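The structure appears below as structure tokens.
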Amino acid sequence: MYLDYWNLREAPFQNVADARYAYLCSQHHEGLARLVYLVQNRKLGGILTGPYGVGKTMVLELLDQEMQKDRTTRYIHVDYHPGSPLGLARQIATQMGIRDRITPLEEPGDLLTFLKMEGGKLGHTTLVIDEAQIIESSDVYHFLHLLMNLTIKNKMGFKVEPAFTLILAGFTDMTLLLKKDESMCQRLQMVWNLDPLDDQQILEYIQHRIRVAGGDIWIFERDAVYELAKHHHIPRRINNICDVALMLGYASNQKSINVDLINQAIEEADSLRTHIEEVEE
């Protein structure tokens, strides 16, 4: 609706993991580099944490792209759903493309048995489990322990290395849950937390997304961005507010997004959250 008005090729503030719009500040660069290191060096695993909407999914999308260049590992990404280890085993088998070769798959051990027999042919797998803060079952952790115990020989045929590198991604509090499982903590060799953006990073983030969409990076006035930064530092929330601001600016025939418009956008974008909180009370 507002694209032509602001001379944009596409909407710049969609809440989807589009690598073209990836804004990587130093913490994102380092987090991605650490995950790539874990995989390339066949470590057992690591953890990526952060508040909702801070950019974990984007980092994992970029990791996926990096791993597509690496023919020595298979990359699979599983969104965890509460349940038994069997459900997770079936998800993993499907993502690995081996579900039809395991008959029957009625117990998690069926997958483990198959991987022990065929693992050398399948090679190394990078297993990312998103929303891992939901995992509370000791049975699920035990199943993951057994996966991480599997080994394969490298291409030279003599060095034994892990068959899986496990990356758990989730909300910041996930590390507190993991403390209950000392065995898993010992297996995971890195924890990297993504923090909300600071004021300067918010300015760079907004301008980067507008630039990718083909617009003038100063559609949002500097003072308006810093006003936004007083209220929100999470990219997902910033996207919602900026999208509303562009619509409001178009509707009122403004030449740019000023402080008054951004405050109106914040109020409108936050109205749903306020309504939900009132209903819950």
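Observations on the model:
- Candidate set from segment 161-178 (those that are of a type outside the set (A, V, I, L, M, F, W, C) and surrounded by fewer than 17 Cβ atoms within 10 Å (Cβ to Cβ)); member that is nearest to the chain's Cα centre (by Cα): 172
- Members of segment 53-85 found to be open to solvent by 70 Å² or more (accessible area, probe 1.4 Å) and under 11 Å from the mean Cα position of the chain (by Cα), listed by number: 79
- Candidates in segment 120-135 are the residues that are crowded, with 22+ Cβ neighbours inside 10 Å and within 15 Å of the chain's Cα centre (by Cα); of these, the one that is modelled with the lowest pLDDT is 132.
- The condition of being outside any loop (DSSP other than H, G, I, E, B) and either under 23 Å from the mean Cα position of the chain (by Cα) or not acidic (Asp, Glu) (or both) holds for only one of 200, 189, 254, that being 200.
- Any hit, segment 241-251, residues being open to solvent by 50 Å² or more (accessible area, probe 1.4 Å), over 30 Å from residue 38 (Cα atoms) and not in a helix (DSSP H, G or I): no
- Index of the failed condition, residue 148 passing every other in (1) more than 19 Å from residue 67 (Cβ to Cβ); (2) open to solvent by less than 50 Å² (accessible area, probe 1.4 Å): (1)
- Residue count for segment 186-218, restricted to those that are open to solvent by 50 Å² or more (accessible area, probe 1.4 Å) and either among the acidic types (Asp, Glu) or free of Cβ contacts under 8 Å to residues at least 40 places away in the same chain (or both): 9.
- Residue in segment 40-52 that is out of contact with any Gly (no Cβ under 9 Å at 6 or more places or on another chain), surrounded by fewer than 14 Cβ atoms within 10 Å (Cβ to Cβ), small (Gly, Ala, Ser) and within 22 Å of residue 191 (Cβ to Cβ) present: no
The values are calculated or read from the model by the stated rules, or taken from the named source; none is laboratory data. These figures come from a predicted structure and were not determined experimentally. Backbone-built Cβ (ideal geometry, glycine too); neighbour counts: all protein chains shown. Only protein heavy atoms, including side chains, enter the accessible area calculation; ligands, DNA and RNA are left aside. Shrake-Rupley method; radii C 1.70, N 1.55, O 1.52, S 1.80 Å.
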